[in-house]
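Take a look at the structure set out below.
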Amino acid sequence: MAENLSQAMSALDESKSEPARRISFAFTDEQEQFRAAIRRFLQEKSPPSAVRRLMDTAEGYDPEIWRQLSNQLALPGIHVPEQYGGAGFGIVELCIATEEMGRALLCAPYFSTAVLATNAIMNAGTKAQQASLLPDLASGARLAALAVTEPNGQWDLGSIELVATPVAEGFLLEGAKSYVVDGHVADLLVVAGRISGTTGGEGLALFTVSADSPGVDRRLLESMDATRKLARIDFHSVPAQLLGDVKDGAKSLVRTLDQAAIALANEMVGGAQTLFDSAVNYTKLRVQFGRTIGSFQAIKHKCADMLLEVELAKSAAYYAAQAAAADDPEWPALACLAKAAASEMYLHIAAECIQIHGGIGFTWDNDTHLWFKRAKSSEVFLGQPHYHRELLLQRWGV
């Protein structure tokens, strides 16, 4: 497996020197080889039995699998520049990884570390901060989390109330963050806060905090989706360092959340594809009235509608990733479109898959409910569909 992955990474590396192409949905042969290598790894390391085992743990991931994922596949740093210890690719390759992880329902702090925190540091940090923080994140030696939402659960920047008070050595943070993905196991926290004395859109910034700092109180939250752990973090006069500068804090955070929305959309279409494949396979096996249920016209129509939904959302997610990689002016709006479309599609496909499975689809022993719970949690993660549709209209000036 390591040899195959090395070949795929070498092919990807060679493709970086090719001239930029017009935005399209098509993946290169090198990217498909990269996808295949990840899929083989996850099929072996993240079967449903492993997902169920990790759901019952407080940490929510297997450190040995994380080490292999970091060392053999180099996935935490796939999009990190080479001078900071990464592979030097981009958001398309990052989204290939998240799609395959969504397909396998991987339980690991990848989204929190690689997608959220690492992108926040690359978007907001100075060169010195990037050189200091990124190598350990890219190698998987350090876990990180991005803390944005507060107890109200809102993702818009106007809801951020955590206060950062300037002091001689930096800032002191006072407030609480909730629903922080993998915040209970992170070594580094990237925290969105508002500098004291500012209101509205002014004074928003990102801060870095060592998770073991005095005054940091972390608590694992009970949630419906045990495959993605959430934590509440309280900050009591916690020393923090400003990430970048105050002027670009809000802009960097918005860019990070837009990139995360695209990665999440790709993760969701991966999970939906697994559910769709499961439903179709079941229709070929389940016999009723002497015939497989897949031969019934009603089931055929349902499967055809599911396929159309998956492919439409997949196209939106792929196109958003390609647009972001090409820095197309409309990519932030496309991020909203992809997130809203994938959220509604994933949850609907999960419900339809359960219905096709019939009575067994509602049982604990059937694996469908694992993806259903991820679909529901992903729907509200980074903002619900109506939030992204409203944001889409604002960005298109409607």
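The values are calculated or read from the model by the stated rules, or taken from the named source; none is laboratory data. Bear in mind that the values here come from a model prediction, so they are computed numbers and not experimental data. Neighbour counts are summed over all protein chains in view; Cβ atoms, including those assigned to glycine, are modelled from backbone coordinates with ideal geometry.
Could you identify the single residue in 243, 307 that is hydrophobic (A, V, I, L, M, F, W, C), in contact with a helix residue (DSSP H, G or I) (Cβ under 7 Å, 6 or more places away or on another chain) and in the same structural domain as residue 179 (by TED's automatic domain parsing)? Steps first, please.
Values: 307 fails: in the same structural domain as residue 179 (by TED's automatic domain parsing).
The match here is 243.
Just for the stretch 343-398: of the residues that are assigned to a loop (DSSP other than H, G, I, E, B) and in contact (Cβ under 8 Å) with a residue 12 or more places away in the chain, which one is surrounded by the fewest Cβ atoms within 10 Å (Cβ to Cβ)?
For the stretch 343-398, the residue satisfying everything is 396.
Those residues that are in a helix (DSSP H, G or I) and either farther than 20 Å from residue 350 by Cβ or not hydrophobic (A, V, I, L, M, F, W, C) (or both), I need them from the stretch 282-304; list them, please.
Of everything in the stretch 282-304, those that are in a helix (DSSP H, G or I) and either farther than 20 Å from residue 350 by Cβ or not hydrophobic (A, V, I, L, M, F, W, C) (or both) turn out to be 282, 283, 284, 294, 295, 297, 300, 301, 302.
Being assigned to a loop (DSSP other than H, G, I, E, B) and at negative phi is true for just one of 194, 219, 228. Which residue is that?
228
Tell me yes or no: at least one residue of the stretch 212-222 is within 23 Å of residue 109 (Cα to Cα), surrounded by 13 or more Cβ atoms within 10 Å (Cβ to Cβ) and touching a helix residue (DSSP H, G or I) at 6+ places or on another chain (Cβ under 8 Å). Quick ask: steps written out before the conclusion?
Quick first cut of the stretch 212-222, residues within 23 Å of residue 109 (Cα to Cα) only: 212-213, 216-222.
Filter once more, so that each one left must be surrounded by 13 or more Cβ atoms within 10 Å (Cβ to Cβ): 213, 216, 218, 220-221.
Checking which are touching a helix residue (DSSP H, G or I) at 6+ places or on another chain (Cβ under 8 Å) leaves us with none.
Scanning the stretch 212-222 turns up no residue that is within 23 Å of residue 109 (Cα to Cα), surrounded by 13 or more Cβ atoms within 10 Å (Cβ to Cβ) and touching a helix residue (DSSP H, G or I) at 6+ places or on another chain (Cβ under 8 Å).
Does any residue in the stretch 238-258 that is modelled with pLDDT under 95 come within less than 9 Å, Cβ to Cβ, of a residue that is among the charged types (D, E, K, R) six or more places away or on a different chain, and which pairs are these?
Within 9 Å, the pairs are 246/202; 250/202.
What about residue 41, is it closer than 30 Å to residue 327 by Cβ, at pLDDT 95 or above and not small (Gly, Ala, Ser)?
Details: closer than 30 Å to residue 327 by Cβ: no; at pLDDT 95 or above: yes; not small (Gly, Ala, Ser): yes.
Against the criterion (closer than 30 Å to residue 327 by Cβ, at pLDDT 95 or above and not small (Gly, Ala, Ser)), residue 41 does not qualify.
Considering only the stretch 42-59, state which residues are part of a loop (DSSP other than H, G, I, E, B) and of a type in the set (Ser, Thr, Tyr).
Listed by number, the residues that qualify are 46, 57.
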